[in-house]
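Trainee: My questions all concern the structure below.
The values are calculated or read from the model by the stated rules, or taken from the named source; none is laboratory data. Nothing here was measured: the structure is a model prediction, and the numbers come from that model. Note that each Cβ is placed from the backbone with ideal geometry, even for glycine, and that neighbours are counted across all protein chains shown.
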Amino acid sequence: MTQIELRNVNKFFGAVQVIKDVSLTVNDREFVVFLGQSGCGKTTTLRAIAGLETVDSGEILVGGVPVQDTRAEDRDIAFVFQSFALYPHLTVYENMAFPLRAVGTPKAEVDVTVRRVAGVLQISGLLKRRPSALSGGDLQRVAIGRALVRNPKAMLMDEPIGSLDAKLREEMRVELKRLHVEQGSTTIYVTHDQIEAMALADRIVVMHAGVLQQVGTPEEIYTNPVNLFVAQFVGSPVMNVCDVVVGDGVVTLAGAAEGFAMPQALTQQLQAKVTLGIRPEALEVVLEPSAGAIGAEVHLVESLGSHDIVDLRIGQALVRARTRAGLVSGPGLRVYVKADASRAHFFDEAGQSLGIRV
Amino acid sequence: MAAVRTKGEMLRHRLSIISLLVILALFLAPIFWITATAFKPRNLATTVPPTVFFQPEFSPFVKLMTKRSQLRSAPTAEVYNAAPWWEQTVFDGGEKVVRSGKGEVQLSGFPSRFLNSLIIAITSTVLAVGMGTITAYGFSRFKVAGEDDWLFFILSTRMLPPVVVAIPMFLMYRVVGLNDTHLGLIILYTAFNLSFSVWLMKGFIDEIPKEYEDAALVDGYTRMQAFFRIVLPEAATGIAATAVFCFITAWNEYAFALIMTNKRAQTAPPFIPSQVGSGLPDWTVIAAGTFLFLVPVAIFTFLLRNHLLRGMSFGAIRK
Ligand SMILES: Nc1ncnc2c1ncn2[C@@H]1O[C@H](COP(=O)(O)OP(=O)(O)OP(=O)(O)O)[C@@H](O)[C@H]1O
Ligand SMILES: [Mg+2]
């Protein structure tokens, strides 16, 4: 039973505040992903949980016990480093056995455990090699193996697959998920890749500039982003965001002749000027004029094989829509766009979601 | 790794090999000279032009190690044949080995001076490198108030040439009874090498990613264990390079050794030239002493050569 809890944690590097009043509970056996841009404090938060970094105020609890004054070596938390940190002078076997030797595990048991974990990670053939003779994917498996051998209270992984190529990343993602299901250890995983986060997480924690923006399941984060940052950080391509004028049953993009039709029950709750957020897949492009569709000019077409992303000019605004492959022939074409009101988001000037939905 | 080369590069490659061979020959010439002289009979040591081909002899080494006197008359065949082979080589040179009343061979000063050199150089190297590594680790890994000032201060101890401080040191050493002792020279050389060792080791330890230790810490090792099990092996290259430099400095040191010691703790460097002054110099003996003096450094450097090569290019090649 290992629950990790952060209570109002603050951390400064000199005058710079890197973690700002972060409170979070990670439940036993949960897989939580920290998602955020480079430099937002993800690594620092993980290091604080592991005891490699002190915090300036606030409490960190592991399994209900405050650990601020517990040294890293006594916290029993495994850490997979962003840079792997495999010891170059030791073989893969010795690297993986290293944590076991710390607690004086009998030799025979070390051997059994290392070979079992190596088997799970499919690196049994590499045990005699040194890290310098391994590929990026192998290094990563060894780094994870070193964390897995000892059944820690919790696993912290700092962008473990960030440096791999796309295909390998996908494979490792699946493998990590499988390992977590098998081992069931409480895991905090750091990434700046939102697809990775969506694929792996039980819950996602979106961070920005040291502040937690939103905590929720991938679906929650995706369908109900609390602010513009989360809305635009999660989802690919990025959610369209435009200033709109709200009329009675109609929402008009700045400078556009016509507006998207929206239910009156919705528009009545909105002020005259708000920010509309709508994902590309919530916009439907048709070639012929039809009821509720407004005119738009095709600006650019990106063919992605399974689907196309079309850049459209509506009034002064540029929006992107997702269409089936080959629907729109090319730039300059006149098309018609419908917006799915049930998937429209509205934000105030500060970028906070108004929480007004159909 | 064989990279693809153009013709121009091949030519340049050959030219650089040739020039390297020339430079090598230039540097090896004095060493060859000393080595050759150490094995020459005395009458061939100073011929002009120098003798290149000769029957190598062992007598200079025997003469180096023993006390000798001139033979007034050739030894009788009985005496000659009873003598061991090394003593015969001395007889051949017109000298005899001095023996005590009981017939024990009287050793010259060289063996004990050589031993002094070994004791003092090795001990001071171990101390300087050991203390330097720990100090450098502290400077590298922890926030030390006034770090840059401390490091500059440490380096500044190296700024005065030894001759300048030798006399005051001698006076102080005399007061505390450290002159002409092994301990005195060991302290002196350790202090002298320490600044160098700290600076060099700091560079090497800075290069070791902190995350190695972080990984060891989360794996359940204490910082001390992490230092011994991770930092030290990773710094082996740097330690080897630093040790070679410190050893060579201590081994070759002349000025302090000359002033601070005269008998008990005298090292080989001041002893060898002192032999030049006594009567007509026997250059083969001096060459033999110099040759033996070169050997430990050569062995030491040879043993550590792999580390050294990596150490020299450390930081230049990123892993
Ligand atoms: N030891 C340190 N001293 C001073 N500033 C630091 C230190 N470590 C990190 N920072 C700063 O703290 C901020 C957060 O760093 P952190 O490493 O936690 O970011 P991150 O979210 O992990 O980024 P990335 O995705 O690039 O790994 C950055 O602005 C960084 O420059
Ligand atoms: Mg990071």
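Trainee: Is the range A:165-175 home to any residue that is more than 14 Å from every other protein chain (Cβ to nearest Cβ) and either assigned to a strand (DSSP E or B) or within 16 Å of ligand 2 (Cβ to nearest atom) (or both)?
Mentor: no
Trainee: Between residues in the range A:59-85 that are within 7 Å of another protein chain (Cβ to nearest Cβ) and residues that are among the polar types (S, T, N, Q), which pairs lie under 8 Å by C-beta distance while being six or more apart or on different chains?
Mentor: Listed by first residue and then by second, the contacts come to A:Glu73/B:Thr222.
Trainee: Ok, one more. Considering only residues of the range B:194-222 that are within 7 Å of chain A (Cβ to nearest Cβ) and of a type in the set (D, E, K, R), which is surrounded by the fewest Cβ atoms within 10 Å (Cβ to Cβ)?
Mentor: If we take residues in the range B:194-222 being within 7 Å of chain A (Cβ to nearest Cβ) and of a type in the set (D, E, K, R), then B:Glu211 is surrounded by the fewest Cβ atoms within 10 Å (Cβ to Cβ).
Trainee: May I pose another question? Can you pull out every residue in the range B:121-180 that is hydrophobic (A, V, I, L, M, F, W, C), touching a Ser or Thr at 6+ places or on another chain (Cβ under 7 Å) and surrounded by fewer than 16 Cβ atoms within 10 Å (Cβ to Cβ)?
Mentor: The one that is hydrophobic (A, V, I, L, M, F, W, C), touching a Ser or Thr at 6+ places or on another chain (Cβ under 7 Å) and surrounded by fewer than 16 Cβ atoms within 10 Å (Cβ to Cβ): B:Leu155.
Trainee: Hey, among the residues in the range B:223-268 that are without any contact (Cβ under 8 Å) to a residue 40 or more places away in the chain and either in contact with a Ser or Thr (Cβ under 8 Å, 6 or more places away or on another chain) or among the hydrophobic types (A, V, I, L, M, F, W, C) (or both), which one's farthest from the other protein chains (Cβ to nearest Cβ)?
Mentor: B:Leu258
Trainee: So if I check each of B:Ser108, B:Ser124, which one is among the small types (Gly, Ala, Ser) and in contact with a strand residue (DSSP E or B) (Cβ under 9 Å, 6 or more places away or on another chain)?
Mentor: Only one candidate qualifies: B:Ser108.
Trainee: Give the range A:90-120 a look and list any residue that's within 11 Å of chain B (Cβ to nearest Cβ) and in contact (Cβ under 8 Å) with a residue 12 or more places away in the chain, or say none.
Mentor: Once the filter is applied, which keeps residues that are within 11 Å of chain B (Cβ to nearest Cβ) and in contact (Cβ under 8 Å) with a residue 12 or more places away in the chain, the range A:90-120 yields A:Leu90, A:Asn95, A:Met96, A:Ala97, A:Phe98, A:Pro99, A:Leu100, A:Ala102, A:Val103.
Trainee: Just checking, does the range B:227-237 include any residue being within 21 Å of the chain's Cα centre (by Cα) and assigned to a helix (DSSP H, G or I)?
Mentor: Checked the range B:227-237: at least one residue is within 21 Å of the chain's Cα centre (by Cα) and assigned to a helix (DSSP H, G or I).
Trainee: Would you check if A:Glu5 is more than 13 Å from ligand 1 (Cβ to nearest atom) and within 28 Å of A:Gln140 (Cα to Cα)?
Mentor: Answer is yes for this residue.
Trainee: For the range A:19-46, give me each residue that is more than 11 Å from ligand 2 (Cβ to nearest atom) and not in a loop (DSSP other than H, G, I, E, B).
Mentor: Matches in the range A:19-46: A:Ile19, A:Lys20, A:Asp21, A:Val22, A:Ser23, A:Leu24, A:Thr25, A:Val26, A:Phe31, A:Val32, A:Val33, A:Leu35.
Listed here are the residues, each with its yes/no results for (1) among the β-branched types (Val, Ile, Thr); (2) under 14 Å from B:Lys202 (Cβ atoms).
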residue: B:Gly103; (1), (2): no, no
residue: B:Phe110; (1), (2): no, no
residue: B:Asn116; (1), (2): no, no
residue: B:Thr123; (1), (2): yes, no
residue: B:Trp150; (1), (2): no, yes
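Trainee: Turning to a different aspect of this structure: Restricting to the range A:241-270, give me the number of residues that are surrounded by fewer than 19 Cβ atoms within 10 Å (Cβ to Cβ), in contact (Cβ under 8 Å) with a residue 60 or more places away in the chain and part of a loop (DSSP other than H, G, I, E, B).
Mentor: 5
Trainee: Taking A:Glu53, is it more than 15 Å from A:Pro152 (Cβ to Cβ) and within 16 Å of ligand 2 (Cβ to nearest atom)?
Mentor: Here the answer is yes, as A:Glu53 does meet what is asked.
Trainee: A further question follows. Look through the range A:42-101, keep the residues that are within 13 Å of ligand 1 (Cβ to nearest atom) and among the polar types (S, T, N, Q), and return whichever of them is nearest to A:Gln3 (Cα to Cα).
Mentor: A:Thr45
Trainee: Is one or more of the residues making up the range A:145-159 away from chain B (no Cβ under 14 Å), surrounded by fewer than 19 Cβ atoms within 10 Å (Cβ to Cβ) and at pLDDT below 95?
Mentor: No, the range A:145-159 contains no residue that is away from chain B (no Cβ under 14 Å), surrounded by fewer than 19 Cβ atoms within 10 Å (Cβ to Cβ) and at pLDDT below 95.
Trainee: Would you point out which residue out of A:Glu59, A:Glu73 is away from ligand 2 (no atom under 16 Å from the Cβ), part of a helix (DSSP H, G or I) and surrounded by fewer than 23 Cβ atoms within 10 Å (Cβ to Cβ)?
Mentor: Result of the check over A:Glu59, A:Glu73: A:Glu73.
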